[in-house]
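Contents: one structure, followed by commentary.
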Amino acid sequence: MAGSAKTEKFDNKTIQWINDRLPVFSMMQNEYGKFPTPRNFNYFWNFGAIAMAMLGIMIVTGIFLAMNYVPTGSMAFESIERMSRDVNYGWLLRYTHMNGASFFFIAVYIHIFRGLFYGSYKKPRELIWIFGVVIMLLMMATAFMGYALPWSQMSGWGVTVITSLFSAVPLVGDGLVTWLWGGFSVDSPTLNRFYALHFLLPFLICAVVFVHVWALHVTGSNNPTGVEPKSEKDTIPFSPYYTTKDSFGTVVFLVLFMAMVFFAPLLLTEPDHFKQFDPMQTPSHIVPEWYFLPFYAILRAFTLDISIPFTHIVLLTAKLQGVLAMFGSILLLLFLPWLDTSPVRSARYRPVYKWCLMLLIAAMAALTYAGAKPPEGAAVWFGRVGTFYYFLHFLVIVPWLGKNEKTLPLPKSIHEEVED
Amino acid sequence: MKKTLLFSALLLTLSSQAFAAEEIALPKQHWPHKSLFGAYDKAAVQRGFQVYKEVRSSCHAMKFLSYRNLGDLGYTPDEVKAVAAQYTVTDGPNDDGEMFERTALPSDPFKSPFKNDKAARAANNGALPPDMSLLVKAREGAEDYIFGVLTGFEDAPAGLEMQPGMNYNKYFPGHQIAMAKPLADGQVSYSDGTGASLEQEARDVTQFLAWASEPHMEQRKQTGLKVILFLLAFAGIMYKAKKKIWAQLK
Amino acid sequence: MDSTLKKGGNRRDFLYLTAGAMGAVSVGSAVWPLVDSMNPAADTLALASTEVDISKVEVGQAITAVWRGAPVFIRHRTPEEIAQVRGEDWQSLRDPQKDEDRVKKAEWLIIKGVCTHLGCIPLGTKPGQPRGDFGGWFCPCHGSHYDISGRIRKGPAPKNLTVPTYEFVTDTLVRIG
């Protein structure tokens, strides 16, 4: 980047002056103007830009909400009510932020599915994928902590249940939970630290997004064929082609998002979210936000302690199995670039893998259903089968298929495929 | 260990309790403000406020509302002031360090019937009458539930053993409610001449509570309509612009 | 990157201009709620007027009332003080104003207790506090002296102490704001 800076010429003298000293304009032009991008992206490729827009919306609305929020147990619920009732457009900021979390996850989950389908995690893009998984983990932590802030029944008990997961850690578990809480129950100190972290983490996400995109600009984007661009015919400049396409996609996404904010802002919100946290009374029905449901179902899928046969020595409690499986289900994604051994990237040319991926989607749907329901009857089996397939898919099917699948012939180049 | 137990108990109770109580089918009512562009029926909401003020405010607080909010219901500033002036609130401390009583002003929050939750429980047989400012949003079934409970008081079916001090209600989960039947035919006499049947009172007070829990609903829907129409047009223009640009490729 | 855009005809230019304008409008209208959320909220505005009972303020005394989170000085002026501020040549003052224009009733002076220099609270309301060279108020931050009509007489402040909007509800009850 630094080398090419000297050669750039801009009509505007001020821009030229700045660029000679700090080549930001050269960088913009190289990375977002001329940046050679495969010409055959479909609309799945919009979701990176959309996710970025959502991150921006969440940070901006969050900062203005923070100006009216009081992070103490006695005031939090009230301050949010005041915000929704008395602060100018406070209701809009709140509903945008609240539903924004859901739409951010929608965009990111589609973005991840895109990566899985077209093999975007494969060599040489492993680091891009790993940074992406880190972003998802940070998003989950941020969303969870944000959910605590209204200090409602759902907030308080959600925090209680999820932080209590750490009590499954052998030996130090209970101490760890007390440390997380800053007391002997979920109370004001817990809320206050969650608030501090909820404010901090998004900026950490921004930093990881930056390296995620930086790494992407080193390797260049994958594309629906999974075949690397070979000549200039295969690529087009990012601007104006993808700037307009991304903008169009983002506006369409915003239509859906805003329709929810203005006409169904509470569709995904449980009634218990409008009762102040009462540490003496657990609500009768507590479920996490929809984007956590599959992982919540994995947590609950384990019900049998593993013990040494014919003794009462428990090696692994059901609870610890659940906790390990839940965290494991996300962490194993970090190893996906090496678990998938197939030389072909795009599922378009992998007929069997394509169906396995659809099964994974079905498993996620089953897990979502199981996570939303009390663990009884069919929901239990949905949870178990979903969990079983989830791990089977990544740990067995993907490595095995890579070596044994008969793939379809790949197009010679991107432009050949486009012109067909 | 304690936490382990707590946690397991939580997971168990949380998940089982929801389905332990039998599902009660609430009759669906028609609420004008629930439709896509529906607004509050101001006359009904005003009547509902009258029901709240004359009947229900003796037990239920509405701490997130202030008298000034009544202005949004169509009351004039003088009327709002007159409503507020019916109450005295504690203010202070004054220069002598003493708390003192004064007439409430429009800027004051609705006066709570009890000093605190414990006082409320003590006066109500151990049960806490919930704050009603968010009640519609905080109950499964929302408006239909409130209306159902208000109109659902009946004599307990034969054979059902009632706990002392409890009342039978066909729409309350578990059917035993500490609240005595609050509304009856002719409980209030409406200033606009509407007949005060039990059902009318329940319908009106429910709409008042719906307004109280979401006072910005009308502004939200109106703004929303403009935003969506604008964004749809914007999306159309962006689509055309994108197509024009991509047409240059071939 | 502009070369591709410039080739098109007027219709195309119009399309891009419209798209750009709509983008600008969306950003603009998204920014307004954010900015407006920082304005005083409805509950803050509701406290914009306050009523003060002045029946217990003796002649020669002053009290401080709170209005919009800031002090308001209410001084029950003596006949000598009134005569003094009304006898002076007001036209030569830094911020020329007649005392008659600053009060509704000659014996009651009601002014915001916020120095017009940089917002400190001037001394002189409580007995024993320095009242400056002109017998009114003295701002300790940068040494502004105000007279018994709240007018700036000496020091850095540019303006007289502000008179809030107020009215006498009764002879002993003032509504400020």
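The values are calculated or read from the model by the stated rules, or taken from the named source; none is laboratory data. Since the model is a prediction, treat every value here as computed from it, not as a measurement. Because the Cβ atoms are built from the backbone with ideal geometry, glycine has one as well, and the counts that use them run over all protein chains shown.
Structure values in brief
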item: Tally, over the stretch A:20-45, of residues that are in contact (Cβ under 8 Å) with a residue 40 or more places away in the chain and within 12 Å of chain C (Cβ to nearest Cβ); result: 4
item: Identity of the residue in the stretch A:230-270, more than 10 Å from chain B (Cβ to nearest Cβ) and touching a strand residue (DSSP E or B) at 6+ places or on another chain (Cβ under 9 Å), that ends up modelled with the lowest pLDDT; result: A:GLU232
item: Pick from the stretch B:66-119, criterion within 11 Å of another protein chain (Cβ to nearest Cβ) and basic (Lys, Arg), ranking: farthest from B:TRP211 (Cα to Cα); result: B:ARG102
item: Number of the condition not met by A:TYR69 [criteria: (1) under 30 Å from A:PRO189 (Cβ atoms); (2) more than 13 Å from every other protein chain (Cβ to nearest Cβ); (3) assigned to a loop (DSSP other than H, G, I, E, B)]; result: (2)
item: Checklist (1) free of Cβ contacts under 8 Å to residues at least 24 places away in the same chain; (2) polar (S, T, N, Q); (3) outside any helix (DSSP H, G or I) applied to A:THR244, failing item; result: (3)
item: Residue satisfying condition, being in contact with a Ser or Thr (Cβ under 7 Å, 6 or more places away or on another chain) and within 30 Å of A:ASN222 (Cα to Cα), within set A:GLY90, A:GLY115, A:GLY73, A:GLY119; result: A:GLY119
item: Subset of the stretch A:172-227 [among the hydroxyl-bearing types (Ser, Thr, Tyr) and in contact (Cβ under 8 Å) with a residue 40 or more places away in the chain]; result: A:SER185, A:SER188, A:THR190, A:TYR195, A:THR219, A:SER221, A:THR225
item: Filter result (surrounded by fewer than 21 Cβ atoms within 10 Å (Cβ to Cβ) and outside any loop (DSSP other than H, G, I, E, B)) within the stretch A:271-290; result: A:HIS273, A:GLN276, A:TRP290
item: Residue match in the stretch B:204-211 (condition: more than 30 Å from C:PRO33 (Cα to Cα), in contact with a His (Cβ under 9 Å, 6 or more places away or on another chain) and within 14 Å of another protein chain (Cβ to nearest Cβ)); result: no
item: All positions within the stretch B:88-112 that are in a loop (DSSP other than H, G, I, E, B) and either surrounded by fewer than 16 Cβ atoms within 10 Å (Cβ to Cβ) or charged (D, E, K, R) (or both); result: B:GLY92, B:PRO93, B:ASN94, B:ASP95, B:ASP96, B:GLY97, B:GLU98, B:MET99, B:ASP108, B:LYS111
item: Test: residue in the stretch A:336-356 that is part of a loop (DSSP other than H, G, I, E, B), more than 30 Å from A:LEU165 (Cα to Cα), modelled with pLDDT of 95 or more and in contact with a Lys or Arg (Cβ under 6 Å, 6 or more places away or on another chain); result: yes
item: Selection within the stretch B:193-238 - over 15 Å from the mean Cα position of the chain (by Cα) and closer than 29 Å to B:ASN169 by Cβ; result: B:THR194, B:GLY195, B:ALA196, B:SER197, B:LEU198, B:GLU199, B:GLN200
item: Checking C:ASP89 against (1) more than 30 Å from A:GLY90 (Cα to Cα); (2) surrounded by fewer than 17 Cβ atoms within 10 Å (Cβ to Cβ); (3) at pLDDT 90 or above, the condition it does not meet; result: (3)
item: Test result for C:VAL59, exposed (fewer than 15 other Cβ atoms within 10 Å of the Cβ) and either within 24 Å of C:GLY150 (Cβ to Cβ) or modelled with pLDDT under 90 (or both); result: yes
item: Residue that is farthest from C:LEU173 (Cα to Cα), among those in the stretch C:51-107 that are β-branched (Val, Ile, Thr) and in contact with a Gly (Cβ under 8 Å, 6 or more places away or on another chain); result: C:THR78
item: Selection count, the stretch C:114-157, where residues are more than 16 Å from the chain's Cα centre (by Cα), buried (at least 22 other Cβ atoms within 10 Å of the Cβ) and of a type in the set (D, E, K, R); result: 1
item: Failed criterion for A:PHE41 (all others in (1) in a helix (DSSP H, G or I); (2) in contact with a Pro (Cβ under 8 Å, 6 or more places away or on another chain) hold); result: (1)
item: Test: residue in the stretch C:70-84 that is modelled with pLDDT under 90, within 18 Å of the chain's Cα centre (by Cα) and crowded, with 17+ Cβ neighbours inside 10 Å; result: no
item: Residues satisfying the stated conditions in the stretch C:23-33, i.e. over 20 Å from A:MET83 (Cα atoms) and either among the charged types (D, E, K, R) or at the interface with chain A (Cβ under 9 Å from one of its Cβ atoms) (or both); result: C:GLY23, C:SER26
item: Criterion: within 14 Å of chain A (Cβ to nearest Cβ), without any contact (Cβ under 8 Å) to a residue 24 or more places away in the chain and surrounded by fewer than 20 Cβ atoms within 10 Å (Cβ to Cβ) - qualifying residue of B:GLU140, B:GLU161; result: B:GLU140
item: Test result for A:LEU171, more than 9 Å from chain B (Cβ to nearest Cβ) and on the phi < 0 side of the Ramachandran plot; result: no
item: Output for the stretch C:162-177, where each listed residue is part of a loop (DSSP other than H, G, I, E, B) and surrounded by 12 or more Cβ atoms within 10 Å (Cβ to Cβ); result: C:THR162, C:VAL163, C:PRO164, C:THR172, C:GLY177
item: Residue match in the stretch B:30-51 (condition: within 14 Å of another protein chain (Cβ to nearest Cβ) and either in contact with a strand residue (DSSP E or B) (Cβ under 9 Å, 6 or more places away or on another chain) or under 23 Å from A:LYS275 (Cβ atoms) (or both)); result: yes
item: Residue under evaluation A:PRO189, criteria (1) within 30 Å of A:THR72 (Cβ to Cβ); (2) assigned to a loop (DSSP other than H, G, I, E, B), criterion not met; result: (2)
item: Condition met for A:THR163 (under 23 Å from the mean Cα position of the chain (by Cα), closer than 27 Å to A:ASP278 by Cα and away from every other protein chain (no Cβ under 14 Å)); result: no
item: Given (1) away from chain B (no Cβ under 12 Å); (2) in a loop (DSSP other than H, G, I, E, B); (3) surrounded by fewer than 21 Cβ atoms within 10 Å (Cβ to Cβ), number of the condition A:ILE330 does not satisfy; result: (2)
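Let's see how each residue does on (1) in contact with a Phe, Trp or Tyr (Cβ under 6 Å, 6 or more places away or on another chain); (2) in contact (Cβ under 8 Å) with a residue 60 or more places away in the chain; (3) within 14 Å of chain A (Cβ to nearest Cβ):
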position	(1), (2), (3)
B:VAL188	no, yes, no
B:THR194	no, yes, no
B:SER197	no, no, no
B:HIS216	yes, no, yes
B:LEU225	no, yes, yes
B:LEU232	no, no, yes
B:GLY236	no, no, yes
B:LYS244	no, no, yes
